[in-house]
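Reviewing the structure listed below.
Computed from the coordinates by the stated procedures, all read-outs in this text should not be read as laboratory data. Here the structure is a predicted model, which means the values were calculated and not measured. Reconstructed Cβ throughout: ideal geometry from the backbone, glycine too, with neighbour counts over all protein chains shown.
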Amino acid sequence: MNLDFLLPSPPKSWSADKTSAFHGKITPPTKATIQPVGRHFLAHARRHIHSRTFSEDEKVVSEAEAAAKGPIDADQDNTDIGDEPEDPAMLRRDPKEWKDQDQYAVLGLSNLRYKATEDQIRRAHRRKVLKHHPDKKAAHGGLHDDGFFKCIQKAFETLMDPVKRRQWDSVDPNISESLPNTRSKLDFYKQYGPVFEREARFSNIQPVPTLGDAQSNKDQVESFYDFWYKFDSWRTFEWMDKEDGEGHESRDDKRYFEKKNKNERAKLKKEDNARLREIVDQALGLDPRIKIFKEEEKNNRGSRRREKEEAEKKAAEEKVKAAADAEAARVAAEKAGQEAREDQKKNKEALKKAVRKEKKSLKGLIKEHNYFLPVAKPATPDEIEKQLGALDALLDGAKGLDQLENVRKTLEDGVKNGNIVEVFKNEVAKHSA
């Protein structure tokens with residue numbers, strides 16, 4: 001489809017001067033082709049082809065969508081989402097104040113609220129649309145009023161948007177936040193079970209442990225209260241943000257309102273955490289299982305004390321015995337050490353004695369055999385002193401008794417073999433190097 005638009009020509013009543021002036025300021029008429037695109041064009045074309053008003057076209061489209069989804073089973077629909085009566089004051093609400101309306105009540109879901117599924121929300125919305133469409137009211141002789149119809153649309157948009165629905169559920173005024181009455185005669189589990197179930201919807205961690213019953217063991221009860229004392233809530237309070245009613249475009253004004261809303265949300269969050277903590281404290285103080293656990297603890301305290309005393313007595317006796325054993329071991333070790341030191345001292349003295357004996361033998365051996373000099377001539381005093389100095393160097397260089405014994409045996413062999421002079425020189429060079 002092509003839509004051609006022509007720029008207007010000047011009126012016929014205009015004079016030539018005016019016409020000239022007119023054409024002098026406006027460009028000549030031209031044709032422009034606009035291509036059809038998007039759902040808004042299709043809606044315009046549909047209304048144009050069928051000669052419908054906006055309201056008429058909207059009604060036809062809604063009925064067509066309802067027919068495409070199939071007929072409503074009234075009995076099943078009433079069972080799932082209920083058929084609650086409508087408050088006349090709600091029907092007269094100003095759609096501009098839609099944010100303050102009860103989003104669930106507008107769609108007839110007051111009995112389900114945050115438990116309503118998307119399918120239930122869609123079916124409730126469809127029922128309300130078919131019932132409160134402005135054209136349908138007009139057809140039955142009523143006023144062509146679309147105020148409540150707009151409220152229905154706003155409620156549907158809010159509850160179908162996960163973010164907006166979570167914001168609304170966070171501040172839903174129709175769900176009680178009060179603390180249970182501590183003086184109530186109701187069963188503890190019937191009184192506090194629904195309270196924790198109500199609060200569990202705000203938990204970031206799922207599944208949430210339930211309150212349990214009188215049969216719950218100590219670990220289960222302690223785990224339950226530990227979870228709630230560390231409760232991680234997703235509850236937010238953006239829905240309560242105040243908007244700038246004057247509509248200022250100033251960046252500073254916007255920042256001011258953002259900061260103000262942020263502070264208010266933080267305050268409400270803090271108050272809600274304190275409220276939840278008070279509920280948990282109250283439940284812990286009234287929980288009959290805690291009383292039973294304390295009583296059992298009290299009854300077992302005596303036996304545990306006796307067991308502790310016996311254990312301490314046994315530990316003391318073992319400590320005394322261990323100390324006596326340690327002392328005996330210390331004395332034995334000290335005695336063994338003393339004996340070892342005495343043996344070591346004796347061995348050391350014996351070794352010294354043996355070394356002295358070997359050195360004496362070597363000195364006697366060198367004197368007996370002409371100081372290990374050639375026998376062709378007698379040794380002079382200088383030669384004797386030199387040979388004794390060489391022997392001292394040999395004795396100082398020899399390490400330990402074994403080497404001294406080896407040196408003695410080597411020199412004795414040299415004496416027997418008649419080459420003692422050469423052997424002595426070699427030994428001196430070997431051990432004094």
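Descriptive notes on the structure:
- The slack between GLU264 and ILE384, meaning 0.36 nm per residue of separation minus the straight C-alpha distance, is 31.6 nm.
- The GluC sites (Glu not before Pro) found in segment 150-197 that occupy coil by DSSP, while having at most 16 further C-beta atoms within 10 Å, are GLU177.
- Within straight-line cross-link reach of LYS367, lysines at Cα separation under 28 Å, skipping those fewer than 8 residues along the same chain: LYS352, LYS353, LYS357, LYS359, LYS377, LYS386, LYS399, LYS409, LYS416, LYS425, LYS430
- Along the axis of the charge dipole computed for segment 341-433 (Cβ charges of +1 for Lys and Arg, -1 for Asp and Glu, origin at the Cα centre), the listed residues ASN347, PRO381, LEU362 are led at the positive end by ASN347.
- Ordered by the number of other Cβ atoms lying within 10 Å of each residue's own Cβ, fewest first, ARG251, ARG265 fall into the sequence ARG251, ARG265.
- Cross-link partners of LYS308 among lysines (Cα-Cα below 21 Å; sequence separation of 8 or more within a chain): LYS294, LYS298, LYS319, LYS321
- On the basis of the beta-carbon distance and an R0 of 60 Å, LEU130 and PHE293 show a calculated FRET efficiency of 0.55.
- Rounded to 0.05, the FRET efficiency of the SER361 and ALA328 pair, given R0 = 41 Å and the Cβ-Cβ distance, is 0.25.
- All aspartates and glutamates inside 19 Å of LYS218 as judged from Cα atoms, apart from same-chain residues fewer than 8 positions distant: ASP226, ASP281, ASP287, GLU295, GLU296, GLU297
- For segment 345-387 versus segment 270-339, the inter-centroid distance based on Cα atoms is 79 Å.
- Loop-resident trypsin sites (Lys or Arg not before Pro) (DSSP state other than H, G, I, E or B) in segment 95-189 with no more than 13 further Cβ atoms inside 10 Å of their Cβ: ARG183, LYS185.
- With neighbours defined as other Cβ atoms within 10 Å of a residue's Cβ, the residues VAL280, VAL407, VAL320 order from fewest to most as VAL320, VAL280, VAL407.
- If a spin label sat at a point 7 angstrom from the Cα of TRP234 along the line to its beta carbon, no backbone N atom of segment 251-287 would be nearer than 12 Å.
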